Amino acid sequence: MDLTRRDAVAALAATGGAVAVGRAFLDSPSTESAAADAAVPENALASLVAVAEVVYPDAATGVGDFVETYVAGRVADDDARRAGVVETAAALDATARDWFETPLTDLDPETLDGMLRDLRVDVSDPDPDGGLPGRVRFYVVNELLYAFYASPTGGRLVGIENPAGHPGGVESYRQAEMSSETEDDG
Amino acid sequence: MAEESSDRTPAPRADVCVVGAGPAGAIVAARLAEAGHDVVVLDAGPRFDLADREAQLDAHLRPGVNGLWDMGGERDAYATDGPRDYPLNAARVKGVGGSTLHWQGMVMRLHERDFELRSRHSVGTDWPIDYADLRPYYAAAERELGVAGADDNPFAPPREEPFPLPAFPPSHSDAIFAEACESLGLPTHSVPNARNSEPYDGAAGCAGYGTCKPVCPSGAKYTAERHIARAEAAGARVIDRAPVQRLVHDDAGRRVEAAVYATPDGTEHRQAARSVVLACGGVENVRLLLLSDSEAYPDGLANSSGLVGRHFMDHCFAGAGGRIDRPTRQNHVGFNTTECHALYDGTDPLPGVKLEFLNYAGPSPVTQALGADDWGDALLDDLRDAYGTHLAVGGLVEQFPNAENRITLDRSTTDDHGNPVPKVRWSVGPRTRAAIERANEVQVAVLEELGAEVDWVVGPDATGPAFHHMGTTRMGTDPAESVVAPDCRTHDLDNLWIAGSSVFPTGGAMNPTLTIAALSCRLADRLDGWL
Ligand SMILES: Cc1cc2nc3c(=O)[nH]c(=O)nc-3n(C[C@H](O)[C@H](O)[C@H](O)COP(=O)(O)OP(=O)(O)OC[C@H]3O[C@@H](n4cnc5c(N)ncnc54)[C@H](O)[C@@H]3O)c2cc1C
Ligand code: SF4
């Protein structure tokens with residue numbers, strides 16, 4: 001299951017960022033993320049990609065591009081969300097440096113997975129105003145899971161090409177089987 | 001929230017003051033403004049900006065973000081004292097558009113028997129009007145709400161013209177159910193939806209977000225914002241965040257003179273009007289009348305009968321669900337496409353029962369993922385296990401009117417303006433319980449016919465309300481036995497009219513809003529004539 005920019009755009013469609021950002025990506029791949037990427041610092045994006053490698057299933061490839069496109073698009077016109085994502089990614093990176101004396105992006109996936117579980121991010125309620133585990137769950141883990149499972153790509157792995165939150169039209173609910181992947185997912 | 005309307009001062013004496021901007025009030029406002037009358041609409045809640053719907057979808061799907069429609073603060077405090085809890089703030093929205101901002105949007109006509117329960121079965125009461133009286137207004141209401149439907153329901157009352165929009169075709173799971181229902185002698189048919197199967201009246205067609213209840217980002221689902229926009233285009237003045245505190249009448253006690261409302265800056269204003277239409281929903285209509293007590297009306301305005309607040313009814317949910325060994329393709333859309341009215345008009349059971357075949361049985365993967373305790377491959381395995389083979393049959397069951405089920409004021413608790421809050425007393429009687437059990441038998445039989453493993457049943461103990469607030473200002477011809485006359489005008493006051501399901505003498509088991517809209521079209525005609 002190779003994630004593409006197109007998937008990220010589909011995920012964005014579910015969150016309202018698609019019209020402005022998505023089109024720009026699709027229409028002019030060479031100038032892609034210049035404007036939007038500036039909104040989220042490189043190191044924050046790199047941390048998100050590292051966490052995505054842990055919380056996405058192994059079947060997902062192309063995670064880097066997907067996350068960068070999705071996150072950039074999503075926070076493009078939401079200052080509060082951008083601040084939350086950037087601050088929380090920084091706090092998580094600081095925790096990695098504190099515990100392992102290394103940047104988060106240098107941790108191998110098993111170690112990062114263990115760190116997140118030791119922080120109890122797996123069992124914490126997402127809370128944008130809570131302590132670190134609640135914020136990581138909200139701004140990082142759930143942001144990533146939402147992008148994935150509210151898009152046809154993640155949905156398809158589970159068996160639904162038009163998941164809740166994705167405006168995938170009014171054909172799919174009538175079909176007996178999942179449509180083939182090459183068809184437009186909306 | 002949309003930009004604040006800055007000027008909340010009253011207009012000069014209006015022809016009509018409509019209190020409440022849900023569908024009941026908005027339809028009256030649009031029709032009367034278009035007929036050339038000066039209309040002012042006051043709503044307790046805010047305007048919600050259409051541009052925020054995507055963010056609201058996000059808030060709905062993602063745990064950790066609260067207050068999609070801002071219900072539940074001090075403004076909305078309430079009490080319950082019945083044998084059953086009643087979650088009032090899950091059951092309504094305050095804002096321009098009212099509860100249709102959150103609603104599901106299934107819209108059926110009542111059946112003929114619903115107007116004649118006492119004559120036919122010696123239960124409940126008859127309506128003072130019958131289906132034939134309402135029939136042309138039902139057609140008008142279907143146009144107002146942009147209903148997508150098909151004339152394929154063998155149990156539905158007669159209709160004179162096609163639905164304005166084609167029905168949404170049946171889902172894959174509908175086809176699975178249809179086989180089983182056929183062998184059990186239960187014909188299935190389409191569901192009329194207040195949802196655009198194609199673009200209608202300037203609004204987009206359904207895009208399949210699947211989150212209709214509580215929010216439709218595409219605008220395909222009808223909300224009463226459409227009628228407020230029409231009213232404003234025709235010159236009506238609409239003031240949001242303007243909760244009416246009380247209605248004041250003349251010395252003779254025959255006419256309402258003004259609605260006194262509060263604004264966010266703490267000021268009270270007085271909107272004078274030649275006529276007032278009360279359209280605050282089945283709970284707040286009662287509260288406002290009771291808060292408007294006076295020397296002439298010591299038990300509450302328009303309450304000479306003592307019936308304001310009594311006979312509170314809702315529809316009770318009955319349901320069963322399980323899993324089968326083939327794909328059921330659930331949770332693509334957030335609305336239903338097949339129902340069965342076969343149990344509705346008979347006598348076993350006597351209360352009306354409507355069966356609904358859900359298109360959203362079982363967990364939605366994205367919601368499950370966001371609340372899971374795991375991630376990576378383990379999460380994907382869990383999602384795959386949980387998704388794909390669920391089926392569910394829901395249904396609504398009728399309650400007959402019972403004077404002890406009622407809305408009163410709880411004088412020990414006050415809202416943000418110091419007014420006593422509504423108190424809900426709600427119970428489920430033996431006939432309704434038995435009808436819920438009967439519905440469950442049929443629901444389980446359908447699932448078993450499909451070889452399903454039934455893993456949940458909501459029966460008479462677990463049942464809850466469908467959030468349809470009916471009966472509390474009932475319609476009738478005898479002023480001692482009812483609050484409003486057949487034209488929806490109160491018996492007590494010449495210029496006070498009531499819109500909404502509080503006027504229903506009985507409620508059947510059909511979701512009420514098409515009937516609310518039909519009565520509002522009719523009320524607007526009558527009030528236009530009166531003006
Ligand atoms: C979750 C849910 C799902 C539903 N699904 C369906 C469905 O599928 N089909 C169906 O037919 N019905 C459904 N309903 C019910 C439907 O929403 C209501 O029947 C309908 O909205 C009632 O219309 P109304 O205008 O009478 O009241 P409301 O829509 O509740 O509007 C009342 C308005 O009055 C305002 N108000 C209250 N008090 C005051 C005051 N003192 N001063 C000024 N304004 C005031 C409120 O702010 C509100 O905006 C559903 C309801 C809910 C909650
Ligand atoms: S499925 Fe529901 S939420 Fe989605 S566009 Fe259609 S009506 Fe709106």
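A few comments on the model shown:
- Stretchable slack from B:ALA445 to B:ALA233, in nm (0.36 nm times residue separation minus alpha-carbon distance): 71.1 nm
- Here the Karplus relation 6.51 cos²θ - 1.76 cosθ + 1.60, evaluated at θ = phi - 60°, turns the backbone of segment A:82-92 into coupling constants of 4, 4, x, 5, 5, 5, 5, 4, 5, 5, 5 Hz, with x for every Gly and Pro.
- Each residue of chain B gets 142 Å³ once the volume of the Cα convex hull is shared out per residue.
- Segment B:92-113 and segment B:12-64 have their alpha-carbon centroids 14 Å apart.
- Percent of Cα-Cα distances greater than 43 Å, calculated over the protein assembly as shown: 30 percent
- Only beta bridges with both residues in chain B are counted; by DSSP, about 70 percent of them are antiparallel.
- Additional length obtainable on full extension of the chain from B:ALA403 to B:SER122, 0.36 nm per residue less Cα span: 99.5 nm
- Summarising the strand pairing of the protein assembly as shown, around 70 percent of its internal DSSP beta bridges are antiparallel.
- Within 10 Å of each Cβ in B:204-216, the average number of Cβ atoms from other chains: 4
- Tilt relative to chain B, helix B:376-386 - C-alpha long axis, 0 to 90 degrees, to 10: 80 degrees
- Summarised in one figure, the compactness ratio Rg/Rh of segment B:399-531, Cα atoms and Kirkwood Rh, is 1.09.
- As a ratio to 2.2 N^0.38 Å, the alpha-carbon radius of gyration for segment B:2-154 is 1.31.
- Calculated over segment B:334-477, the projected area of the Cα convex hull averaged across directions stands at 14.1 nm².
- Label-point separation, B:ASP373 to B:ASP293 (7 Å along Cα→Cβ), nm: 5.3 nm
- Taking amide H positions as modeled 1.01 Å from N, with prolines and chain starts lacking one, the residues under 5 Å from B:GLU116 and 5 or more places away or on another chain are B:TRP127.
- For segment B:175-250, the square roots of the Cα gyration tensor eigenvalues, ordered a ≥ b ≥ c, give a/c of at least 1.5 with a/b greater than b/c, which places it in the prolate category.
- Mean residue ellipticity (222 nm) of the protein assembly as shown, computed from DSSP H runs ≥ 4 via -39,500 (n - 2.57), nearest 500: -9500 deg cm²/dmol
- Straight Cα distances below 26 angstrom link B:LYS221 to the lysines B:LYS94, B:LYS213, B:LYS354, with same-chain residues fewer than 8 positions distant left out.
- On Cα atoms only, tilt of B:172-183 relative to the major axis of chain B in degrees: 80 degrees
- Cβ-defined net charge surrounding B:GLU74, 9 Å radius [Lys, Arg +1; Asp, Glu -1]: -2
- Degrees between helix B:23-34 axis and first principal axis of chain B (Cα, 0 to 90, nearest 10): 50 degrees
- The separation of segment A:79-150 from segment B:116-152, counted between C-alpha centres, amounts to 56 Å.
- The simple Förster model, with R0 at 41 Å and r as the Cβ-Cβ distance, assigns B:ASN66 and B:ASP325 a FRET efficiency of 0.55.
- Here the 3J(HN,Hα) profile of segment B:400-417, calculated from phi with Karplus coefficients 6.51, -1.76 and 1.60 at θ = phi - 60°, is 7, x, 9, 4, 6, 7, 7, 9, 10, 9, 9, 6, 8, 10, 10, 8, 5, 10 Hz, Gly and Pro shown as x.
The numbers here are math on the coordinates, done by the rules we state, and not lab data. Quick caveat: nothing in here was measured; it's all calculated off a predicted structure. Cβ atoms come from the backbone with ideal geometry, glycine included; neighbour counts cover every protein chain shown.
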